[in-house]
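Reading through the structure tokens given below for one structure.
The values are calculated or read from the model by the stated rules, or taken from the named source; none is laboratory data. The structure presented is a predicted model; accordingly, all values stated were derived computationally and were not measured. For neighbour counting, all protein chains shown are included, and Cβ atoms are generated from backbone atoms with ideal geometry for every residue, glycine included. Calculation scope for accessible area: heavy atoms of the full protein, side chains included, ligands and nucleic acids excluded. Shrake-Rupley method; radii C 1.70, N 1.55, O 1.52, S 1.80 Å.
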Amino acid sequence: MNNAAVLAPPGADPVEALIRSIRIPPRPSLLANLQGELASDEPSLDAIGRIIVSDVGIAAALLKLANSSFYGGQRKAKSVDQAIALLGIDQVAALMTGLLARQAIGADNAALAAFWDLSTRRAQAMVFLARRLRIGAPDVAHTFGLFCDTGVALLLGRFDDYAATLALAGADLTRCFSDIEDRRHGTNHVAIGCLLARNWGLPQGVYWAILHHHDYAVIDDAASDDAVRSLVALSLLAERALQAYQGHRESPEWNKGGERACAYLGLSDDEATDLLDQLLDCFAE
């Protein structure tokens, strides 16, 4: 599949019917309201708080996340307003967006539960790396980390043998991950994830990075947006850490693009290893 087709006008590509057969959840009204307030000239903290507490379950989940060891400090938020004050509008919005994605896509079986656990770890890894390397906005890195593989969850629900495709593509040492998906299913998770992110009004840099996050040549492409290149490079570091977290000694994706990522980020092998050790320690807390 030509991934540019995902951004093409309707009817412009023969795989349109296939893409339309995959259930892509519409943007939740709560997210649309939140994005509308954030886009105003002077976003109101009170208005944002009211939008969040309009869904009791989401508000409770947000407080739990805000007070977790990763995001929370010594002070614990007792209300949504306090969480906004402690974490800031942008981080709260990123956490909200992730919670709404999980609610919309679901986690009602073992495969999806495992998917969301890994996606949450990836989002945390992206925040950690963005902060430590001082590259990009942590909340944008968080959103990318959580959404970059949402196409996986949607394709698991569309194709009975997609789990086998994941195992095959994840173990391949040379071919591009999405090329293997294309050959078996006529589409891939990066295209579907990009479409979901665009439909949900996420930043352009996020959905372009989702589209290219297995295309490591983009890291060397000076014509590409720096935000996209940075997110793809950081995602390789996060992937290496996640593989280690899962007990795998090797990371095929890191082997394909890790050298490019380190060169772009200005990291030596020792510096990358030290950074990843710190990240794994953070996972263990």
Checklist entry - Looking at residue 219, is it over 15 Å from the mean Cα position of the chain (by Cα) and crowded, with 21+ Cβ neighbours inside 10 Å? => result yes
Next on the checklist: Can you pull out every residue in the range 269-284 that is within 18 Å of residue 131 (Cα to Cα) and free of Cβ contacts under 8 Å to residues at least 60 places away in the same chain?
Outcome noted: 271, 272, 273, 274, 276, 277, 280, 281
Next on the checklist: I'm trying to understand the selection: among the residues of the range 44-72, which are open to solvent by 50 Å² or more (accessible area, probe 1.4 Å) and either in a loop (DSSP other than H, G, I, E, B) or in contact (Cβ under 8 Å) with a residue 60 or more places away in the chain (or both)?
Outcome noted: 54, 69
Next on the checklist: If residue 164 meets every condition in (1) surrounded by fewer than 16 Cβ atoms within 10 Å (Cβ to Cβ); (2) more than 25 Å from residue 196 (Cβ to Cβ) apart from one, which number is that one?
Outcome noted: (2)
Checklist entry - Given 237, 267, which one is under 18 Å from the mean Cα position of the chain (by Cα) and of a type in the set (A, V, I, L, M, F, W, C)? => result 237
Next on the checklist: Yes or no: the range 91-98 includes at least one residue that is part of a helix (DSSP H, G or I), open to solvent by 20 Å² or more (accessible area, probe 1.4 Å) and either closer than 20 Å to residue 199 by Cβ or not β-branched (Val, Ile, Thr) (or both).
Outcome noted: no
